[in-house]
Amino acid sequence: MRTLEHKVPPPVVALLTGLAMWAVAHRTPVLAVHAGPRLAIAAALAMFGLCIEISGVLAFRRARTTVNPMKPATASAMVTGGVYRYTRNPMYAGLAAVLLGWAVWLAAPWGLLGPAAFIAFITRFQIIPEERALRARFGSEYEAYLLRVRRW
């Protein structure tokens, strides 16, 4: 199953997930929820997700390490401050929050499977292989970080 590890960039996975959610929403029953509250909740979730993502990217830039999720072994520094004190994967958590906002906007209960599928795919084919590479690169320092900070 390693053939998919680090093969599809996470933003592409999120985009494909969002498209699948849209297709599901147009083929299954939707909830009768007024657009105003739906838009407010969806926008809040999406903005929250974008803020988390941007915080993660900026922390990597400040540390002058790669933001390329396809090559985690090229990381030149561990980033453990800022948003990385709360989650080891803020960029992926941010994408998941954006997808959750999209699910709220679509108002299709089956659309909620999208964020769950995204999390499952990213965990298996992106995060677990990243953790393996970062353990090899940073050793006990990374192991201690794993014990302190949750994955999602």
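Taking only pairs six or more apart or across chains, which ones have beta-carbon atoms under 9 Å, a first residue in segment 101-114 that is more than 10 Å from residue 41 (Cβ to Cβ), and a second residue that is part of a helix (DSSP H, G or I) and among the hydroxyl-bearing types (Ser, Thr, Tyr)?
Between residues of segment 101-114 that are more than 10 Å from residue 41 (Cβ to Cβ) and residues that are part of a helix (DSSP H, G or I) and among the hydroxyl-bearing types (Ser, Thr, Tyr), the close pairs are 102/17; 114/17.
For residue 94, are the conditions met, namely being touching an Asp or Glu at 6+ places or on another chain (Cβ under 8 Å) and surrounded by 20 or more Cβ atoms within 10 Å (Cβ to Cβ)?
Criteria met by residue 94.
Just checking, does segment 103-110 include any residue being buried (at least 23 other Cβ atoms within 10 Å of the Cβ), more than 18 Å from residue 145 (Cα to Cα) and small (Gly, Ala, Ser)?
Yes, because at least one residue in segment 103-110 is buried (at least 23 other Cβ atoms within 10 Å of the Cβ), more than 18 Å from residue 145 (Cα to Cα) and small (Gly, Ala, Ser).
Could you list, in sequence order, all residues of segment 87-119 that are over 10 Å from the mean Cα position of the chain (by Cα) and under 20 Å from residue 72 (Cα atoms)?
87, 88
Among the residues of segment 58-85 satisfying the criterion of being surrounded by 15 or more Cβ atoms within 10 Å (Cβ to Cβ) and hydrophobic (A, V, I, L, M, F, W, C), which is nearest to residue 8 (Cα to Cα)?
It comes out as 75.
With the requirement that a residue be among the hydroxyl-bearing types (Ser, Thr, Tyr) and part of a loop (DSSP other than H, G, I, E, B), what does segment 1-39 give you?
Initially, segment 1-39 is screened for residues among the hydroxyl-bearing types (Ser, Thr, Tyr), giving 3, 17, 28.
Answer for segment 1-39, where residues must be among the hydroxyl-bearing types (Ser, Thr, Tyr) and part of a loop (DSSP other than H, G, I, E, B): just 28.
Can you confirm whether segment 63-72 contains a residue that is within 21 Å of residue 5 (Cα to Cα) and not in a loop (DSSP other than H, G, I, E, B)?
Yes, segment 63-72 contains at least one residue that is within 21 Å of residue 5 (Cα to Cα) and not in a loop (DSSP other than H, G, I, E, B).
Which of the residues that make up segment 127-152 are aliphatic (A, V, I, L, M), out of contact with any helix residue (DSSP H, G or I) (no Cβ under 6 Å at 6 or more places or on another chain) and either part of a helix (DSSP H, G or I) or over 19 Å from residue 83 (Cβ atoms) (or both)?
Matches in segment 127-152: 127, 128, 136, 144, 146, 147.
Looking at (1) within 13 Å of the chain's Cα centre (by Cα); (2) among the hydrophobic types (A, V, I, L, M, F, W, C); (3) exposed (fewer than 15 other Cβ atoms within 10 Å of the Cβ), find the lone condition where residue 50 falls short.
Just one mismatch for residue 50, condition (3).
Being farther than 30 Å from residue 143 by Cα and either modelled with pLDDT under 95 or among the hydrophobic types (A, V, I, L, M, F, W, C) (or both) is true for just one of 50, 39, 58. Which residue is that?
Numbers: 50 fails: farther than 30 Å from residue 143 by Cα; 58 fails: farther than 30 Å from residue 143 by Cα.
Answer to the selection: 39.
The values are calculated or read from the model by the stated rules, or taken from the named source; none is laboratory data. Given the structure is predicted, the values throughout are model-derived calculations rather than measurements. Backbone-built Cβ (ideal geometry, glycine too); neighbour counts: all protein chains shown.
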